[in-house]
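Data block below; observations after.
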Amino acid sequence: MTTEPELKTLLGWYGQMWTIRYFEDNAIASFRQGLFTGSTHPCIGQEAIAVGAAAALEPADQVLATYRGHGHAIAKGLEPRSLMAELLCKETGCCGGRGGSMHLCGVDKGFMGTNAIVAAHIPIAAGVALANQLKRNGRVVVVFFGDGATCEGAFFETLNMAVLWKIPLVLVCENNGFAISVPTRTAIPIENISQRADGFGLPGVTVDGNDPALVHGAVAEAVARARRGEGPTLIECKTVRWERHSAISAGKYANEEEAMKWKKADPIPRLEKVLLARGATEAQLQALREKAKAVNDEALAFAIASESPKPATVGDFVYA
Ligand SMILES: Cc1ncc(C[n+]2csc(CCOP(=O)(O)OP(=O)(O)O)c2C)c(N)n1
Ligand SMILES: [Mg+2]
């Protein structure tokens, strides 16, 4: 049973979703201008999951995510300027410019890192949650991953152990319909990925991932369960991926219509309709959009103006 969030809460989520959207727009533009190399994987169209889930957490709770993790970092409280500087590999970045787009971290905010290896961070998240359990500090860990990651052994092994030891872990699968160019329906023979929970003895739920209130409700319930010492929950959030896997790769879509499917499901205009129906004004929404844009434009200018790490510091942070 979930209660309807207050208008003020929804407005906050709307602002956060725009902050993430503008961050991703700037990330793609910067990448295409050659301001950084490698690649970058936008979470455009999936913002409601990061925002709804993070709202169910206490500041001390922890999050781990994938290479598609800019939005999760922002939702967990990292500043767009330190993230954008990290994308541009500058010394002012959240990892001192060592990590780049796919390796973001902010331990003081409970953001324990993003990972470029599919599913590799799922057992790491269980390890963080196990440390919490052993320390009896009451913290819960949320780990975000894709549909493709649920085909990896690391996912299954983690589920088994997390249930066995009642680890305080919430597993959030962002089912965006694709793993690079492979449609989920051709790789996974079940209707809902949450059904995978059945064989492991944990609750599995599927929600509409483009509705932050539904995501929030499911995650809040799972977090409460984990905090009570009852163990993990698997939550599948159904969403639609942005038009391609990353800023460099085009997905192999059947046609243009399939590539642009995310626009029809876009969670931002959808939330906007809810807000207007609940009595928010267009002026309020505009102010939130403008603020989100200004924060990101300042973040990009800050990142561009920042220095690259000094060559002499190359050995720093290599050993703990
Ligand atoms: C272990 C491993 N295998 C393959 C890859 C290459 N790879 C990068 S992203 C990706 C697709 C993952 O899809 P999914 O888990 O659905 O996440 P999404 O990208 O859709 O968010 C693959 C196969 C990798 N990084 N790591
Ligand atoms: Mg996917």
If the elastic network links every pair of Cα atoms under 10 Å, which of Ile74, Ile235, Ile304 fluctuates the most in the Gaussian network model of the chain? Ile304
Report the relative contact order of region 220-265, percent, no decimals, based on alpha-carbon pairs under 8 angstrom and at least 6 residues apart. 30 percent
Which of Pro267, Pro123, Pro309 fluctuates most in a GNM of the chain (C-alpha springs under 10 Å)? That residue is Pro309
Take every Cα-Cα distance within region 14-110, group them into 10 Å bins from 0 onward, and report for each bin the whole-number percent of pairs it holds. 18, 54, 26, 2
I need the fraction of alpha carbon pairs in region 7-301 separated by more than 23 Å, rounded to a whole percent. 52 percent
Could you pull out every whole DSSP H run in the chain that spans at least 27 Å of Cα extent along its own axis and averages -1.0 or higher on the Kyte-Doolittle scale? 7-32, 282-305
Report Rg (one decimal) and Dmax (nearest whole number) for region 104-253, counting Cα atoms only, units Å. 15.1, 48
Under the definition of Cα pairs under 8 Å and six or more residues apart, what whole-number percent is the relative contact order of the chain? 25 percent
So for region 7-301: antiparallel DSSP bridges make up what percent, rounded to the nearest 5? 10 percent
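FYI, it's all coordinate maths here, none of it is from the lab. Remember, predicted model here, so these are calculated numbers, not experimental data.
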